[in-house]
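One structure is given here, and the rest of the page talks about it.
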Amino acid sequence: MRRSFVSCFVLLTLSLFAVGAAPRVDRHGDPLPDGAIARLGTIRQRIAASKLVFSGDGRTVIAVAAGRAVSRWDAVRGRMRDYRLLPGRPTDQFWLSADGRLLAVNEDGKSLAVFNTESGARKCLLAASALHAAFSRDGKLLATGEYDKSRGRVRVWDLTSGRDRLLAELPSYVNDLAFRPDGQRLFAAVDNHSLRCWDVDGGKEIWKNDHWASHLAVSPDGRTLCSDTYSGQGTLPTWDAGTGRPLGVSTGRPQFSTSPMVFTPDGQAVFVSDYRSVLLWDTDKCKIRCRLEGANVPYTVAPDGKTLISIRGALLQRWDVESGKPLYPDTADLGHTSAVQAAAFTPDGQALVTTGADGTIRVWDLSTQRPRILLRDNLRYWGGIRQKHIDGHFGTYCPPILAVTPDSRQVLHHTDDGQLYLRDIRTAKKVRGFDVRSADNKARVGAARLSADGRTLWTLAYPRPELTSTIRFENQGSLIGWDVANCQRLSSRSLTWAGDVEDFVIAPDGRTVAVADGSVRDVRSGKERLKQPNPPLSHPFAFSADGRLVAAMADRQHWNAIAVYELLTGRPLLRVEAPVSWSSRFAFSPDGRLLIASGRDALHVWEVSGGRRLLHLPAEDRLPAWAPELFGTCLAVAPDGRAAATGHEDGTVLLWDLAPAWRLVERPVAALTAEQLDTCWADLLKDDPRTAYPAMNRLAAAPAKALPLLRKHLRPVTIDAQWVADRLADLDSSDFATRAKASRALAGVAEIIEPRLRRELERTSSAEVRARLRRLLEDPHLPALPPESVRRLRAVAVLEHIGTAEAGELLRKLANGEPGDRLTRAADAALARIAAAHAAPTSH
């Protein structure tokens, strides 16, 4: 049997590992996690973290993500030394001491845990619900800003004894806190109110003024206080730290400081950020000393003030402050420098295409594992990228649209202005575009799907939320069908839903869509295809390649279950327990036998029929620096189903070997008696898929007996062409009863002969015929799929599972039926998937 390059790559890699000829490292020499066969990109200088700080000696940088993932980096080489995951749930409310030795984490809104970052041990647990916190420089004290019932308060905690002292009750909450270097004074920026200063030992308020700020910084000598202006006026006031009186206002700097400010060791300048870069602002001369282009939030300044380390996206970089130049080697061409947002294998299995929050689309040759940048600045770093706060963690969870045409020659991608493009994968040139924007230019693409043959594109467009002037509890969009060859619109149907505007998935045939409100609907009729459970299904969704199955989160309240439904009957097939979340990703193997899920903390693989968990790859102890509650940012399965790719927040992609799962699924050839064969065929008729799917497995495991049975019962669906022509002619009869009878007759087969009806609609000049044809094509009636049709479609899945030449011969016969019939379409698509799974490499 011929195999795709992905399959060959998996087999070769595993055989080398088996004889000890190849170490488990990526192409850059860094170790691979157990279960992974390759890493696309590099972990060097890649880290997903939101806070950084230098150690006291300036040799180490401590990085923290989600209050739980602590990594320590060699500041000179930019290499990670170690990684530790602290116990507890992720949160975005955490604070580091000045030297990074201590970490305060808001545990549950009621307590504050203080950890030693070197050992991972919890130092103490404080009864404080902090919105802000700050350590004294010696690490002995912790100040907390708390807020409850419209009142704020500031407390100081002795971390040795665990005792606290109340410094003040406040009319609002605290935006920032800072100790004087000697720990004897505490400064606070109180929201919409004032700057304040207290004597820590005595608890007495020393001064306050009426300045409103969001960030504070104290000079190394403790004499000067610097703040920003909360209103973003482009000013940087400095204050006498002893009296609170203004010393001056530095004007003319870029607006909107986006991070805490840091004084230089001499106290004469302050580091600030303006979204695009980090500036060193001379507070006396009111001018920029230097601008570190490319540096961003978060950042930390070395103790000597000569260098600065920042993270932009996921790329760690060290900067020379005097020259403004980066000091670490440029690794941007080695892989994405921000979270990977989407991944898609080429159908020939030769390459993987990825998009990242760094604004690039990259094509990875799977033989060399080297990337080529197909497009740069597709969606700029923040433009078009939705950040969502899930389970205490911020991250990019709405990947852009990405697909590869069946011939593996073109990539479909979208831009933030509401357009989609097909781009040549070799030359990077635009081939054609699809503009979903309406006349008022207020539209974006929420989802897209290419048909299996690449001839049709379906897009779901909706108004830009930022351009709407009123709050709406319902959203409305349009599902548009396109002729890919000429970029013409074939159809457009409106869709109304409740919930987020981007949580959609379109089925492979474009006839079903999973909507943000948890419903799975028939596009033509708008009716739900599933018997909705309680609690209802919710995003994320995934359709199987043949459109028979849909997977979704089953319990959004507890985030612990995935459900699989059969769309042919609208009934449940499988429910499995696993830690999942809004950020999880689900996918089926191309033949629908495996369900793969990138959950909160692991990659899972189940057998769809029966629900056995076949593979479990936890993130902890496997991924060198994973973001808590987020195993991967995206998920793709190879065309032959033998490997899966997961994108990650550090900009890398991991390829995982699914062979261990397949070894458990692929059963030995079975011998079935005539009676057992008849029982299996009868079970395929059952309404409950939990009875039918085990029968499908038994038939697939006994191809010698199953194929004669299927040849006996399966016939291509055909409708007499003359009968159709006669009924179409009757639509233009002078007799009303004849016209009505013809309409009723055609309505019963409208879905099957849809291509014929559309050709007649274009041809006829009769207004009467055109009106009746439009009603037939747009009739919202959704008849239930007959049981016999369900059985035949299940039988097509059995043939695909068998996948032999004899099975392919029967599928080709079935694919010669009426073009619009479900059985015809299913057989044709199954043949295409079998061909893709068996495709030989073209260049290796």
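The values are calculated or read from the model by the stated rules, or taken from the named source; none is laboratory data. If you're wondering where the values come from, they're calculated on a predicted model, not measured in any experiment. Ideal geometry is used to build each Cβ from the backbone, glycine not excepted, and the neighbour counts take in all protein chains shown. Each accessible area value is taken on the protein alone, full model and side chains, heavy atoms only, with ligands, DNA and RNA left out. Shrake-Rupley method; radii C 1.70, N 1.55, O 1.52, S 1.80 Å.
Annotations
- Each eigenvalue of the Cα gyration tensor of the chain, multiplied by 5 and square-rooted, gives one semi-axis; in descending order these are 57, 30, 25 Å.
- Charge tally around S609: other residues with Cβ under 15 Å, Lys/Arg +1 each, Asp/Glu -1 each, net +3.
- Beta bridges per DSSP, both residues in the chain: antiparallel share near 100 percent.
- Taking 17 Å as the cut-off, the amide N atoms of the stretch 29-45 that come nearer than this to a point 7 Å along the Cα-to-beta-carbon line of H616 belong to 34-35.
- Its convex hull of Cα atoms gives the stretch 552-602 a direction-averaged projected area, equal to a quarter of the hull surface, of 3.7 nm².
- Cα-based shape type of the stretch 60-121, given that a ≥ b ≥ c are square roots of the gyration tensor eigenvalues and the cut on a/c is 1.5: prolate
- Under the simplified labelling scheme, the C124-D407 pair shows an inter-label distance of 7.1 nm, with each label point 7 Å from Cα along Cα→Cβ.
- Å² of accessible area per residue within the chain, as computed with a 1.4 Å probe and no ligands counted: 42
- From helices alone, the chain scores -5000 deg cm²/dmol at 222 nm; the rule is -39500 (n - 2.57) for each run of n ≥ 4 DSSP H residues, then divide by the residue total.
- Annotation for R489 and R711: the two label points, set 7 Å from Cα along the Cα-Cβ direction, are 5.0 nm apart.
- For the stretch 706-844, the fraction of C-alpha pairs farther apart than 26 angstrom is 39 percent.
- If R0 equals 56 Å, the separation of the Cβ atoms of E806 and D424 corresponds to a calculated FRET efficiency of about 0.90.
- For D138, solvent-accessible area (1.4 Å; no DNA, RNA or ligand), Å²: 80
- Segment I719-A835, length gained on full extension (0.36 nm per residue, minus Cα span): 38.9 nm
- Gain on full extension, evaluated as 0.36 nm per residue between L685 and Q184 minus their Cα-Cα distance, stands at 172.4 nm.
- Within the full protein context, the accessible area of I373 is estimated at about 50 Å² for a probe radius of 1.4 Å.
- If you plug the beta carbon distance of R223 and A332 into 1/(1 + (r/R0)^6) with R0 = 45 Å, you get a FRET efficiency near 0.60.
- Computed with a 1.4 Å probe over protein heavy atoms only, the accessible area of D304 comes to about 90 Å².
- Bridging of K686 to lysines at a Cα separation below 26 Å is possible for K527, K531, K705, K712, K813, once same-chain residues fewer than 8 apart are set aside.
- With the simple model of a label 7 Å out from the Cα in the direction of the Cβ, K204 to L761 spans 8.5 nm.
- The H on the amide N of A66, modeled in the peptide plane, is under 5 Å from the matching H of S50, each at least 5 residues off or on a different chain.
- Of the residues E818, E788, ranked by 1.4 Å probe accessible area with the largest first, the sequence reads E788, E818.
- For R585, R276, R524, R613, the ranking by accessible surface with the largest value first comes to R276, R613, R524, R585, using a 1.4 Å probe.
- Ratio Rg/Rh [Cα only; Rh per Kirkwood] for the stretch 588-631: 1.06
- Calculated FRET value between T243 and D34, using beta carbons and R₀ = 60 Å, to 0.05: 0.50
- Viscosity 0.890 mPa s, 25 °C: Kirkwood-radius Stokes-Einstein D of the stretch 491-621 over Cα pairs, µm²/s: 166
- Y275, Y299, ranked by accessible area, largest first (probe 1.4 Å): Y275, Y299
- Estimated at 0.36 nm per residue, the fully extended path between S111 and V25 surpasses their Cα-Cα distance by 26.8 nm.
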